[in-house]
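All of the numbers you see were taken from the coordinates with simple rules; none came from a lab. The model shown is predicted, which means the values in this text are computed figures rather than measured ones. Counting neighbours? That spans all protein chains shown, and the Cβs are built from the backbone with ideal geometry, glycine included.
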Amino acid sequence: MSEIVKALVAFHKAVPSITKDAKAQYGKYADLGGVLSTVTPPLNEAGLAIVQTFTPNAIQGADPLLITKLLHESGEEITSELPMIIGKGRNPLHDWGGSCTYQRRYAILSILGLCADMDTDGNFEQPEEKKVSKPAPQTVAKTVTPKVENQPKADAVAPEDTPLTDDEAEGLRGLIKELTAANRTAFLDRFRSQYGLSPSAKVAYAITTHGHRKFIQDIMPEYI
C-alpha cells in the first residue's frame, strides 16, 4: 500500500482548511458540498479519488451500509463500511436523503483523516468547554464495556455488548449534534437515565456498543 500512502501524505500537505459555510440551528458547519469542493482538487492532484456506494446489510432487517472507497491511480485502495442510521419520520425519502448526505460527509472526513471544526467537540451540550474538558480516556474508563478477552468465552458476549467501530460511534454522535438544542438536551438526558449515567456525564464517550446504537436508533425519531 506504499503508493496510496505516499499520495495521501501529498494530499494532506496540499488540502486547505474546510470552511464552515452552511448554517444550522446550532451554528455553522461544513456541509457535503463544501467538503467535496475543498478536498476534490488536492485529491486529483495526488492521483486519488473518492467513491461512495450503498449495499444491503447482511443482518436481516438492518439498515444498508455506506461503502466509501479511497482509490489511487496505482490500483491501491482503502475501504470503509459504515452502517447507515435512517430516521423513521413521516417522510421516508426525506429521512433517507438526510441520512445519506450527513453520513457521506462523515465517512469522507474519516477516510481522509480530516476533521471539520464542528466534529471535534465531544461534549455536545457545552461546546465552549472543549479546551478544558478532561481527556477522553479518563471518561471512557467509566463507561466502556468489558473487553472481549475478559469474558470466560468469546461467544459469551451478548450482541448488544459488541463494541462499535470508530466510524459507527462517530456517526451516532453526528446525528445527535444535528438535533435542535432543546431536543438534544432532552435526548441526552434520556440516554443518561437509560444507562445510569450522572447528569453531567458526557454522552459522546458513553456511546460504545451496538446496544447503544439500537437504543439511539429506536428513540431518535421522537426528537428529529
3J(HN,Hα) from dihedral phi, segment 78-87, Karplus parametrisation 6.51/-1.76/1.60, rounded to Hz, x for glycine, proline
10, 10, 10, 10, 10, x, 7, 10, 10, x
Once amide H atoms are built 1.01 Å from N in the peptide plane, which residues 5 or more positions from Leu164, or in another chain, come under 5 Å H to H?
Thr209, His210
What is the ratio of the Cα radius of gyration of segment 2-119 to 2.2 N^0.38 Å, where N is its residue count, to two decimals?
1.15
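Treat the count of other C-beta atoms within 10 Å as a stand-in for reagent exposure and order Leu82, Leu93 from fewest to most.
Going from sparsest to densest Cβ surroundings: Leu93, Leu82.
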Among His12, His212, what is the fewest-to-most ranking by other Cβ atoms within 10 Å?
His12, His212
Past 23 Å, Cα to Cα, is the threshold; run Lys88/Lys177; Lys13/Lys177; Lys20/Lys88; Lys177/Lys202; Lys88/Lys214; Lys20/Lys177 against it and keep the listed order.
Lys13/Lys177; Lys20/Lys88
Give a residue-ordered list of calculated ³J(HN,Hα) values for segment 99-109 (Karplus: 6.51 cos²θ - 1.76 cosθ + 1.60, θ = phi - 60°; whole Hz; x for Gly, Pro).
5, 4, 4, 5, 6, 4, 4, 5, 5, 5, 4
Each residue of segment 206-223 in order: what ³J(HN,Hα) in whole Hz does its phi give by Karplus 6.51 cos²θ - 1.76 cosθ + 1.60, θ = phi - 60°, with x for Gly and Pro?
8, 7, 9, 10, 5, x, 5, 4, 5, 4, 5, 5, 6, 9, 3, x, 6, 10
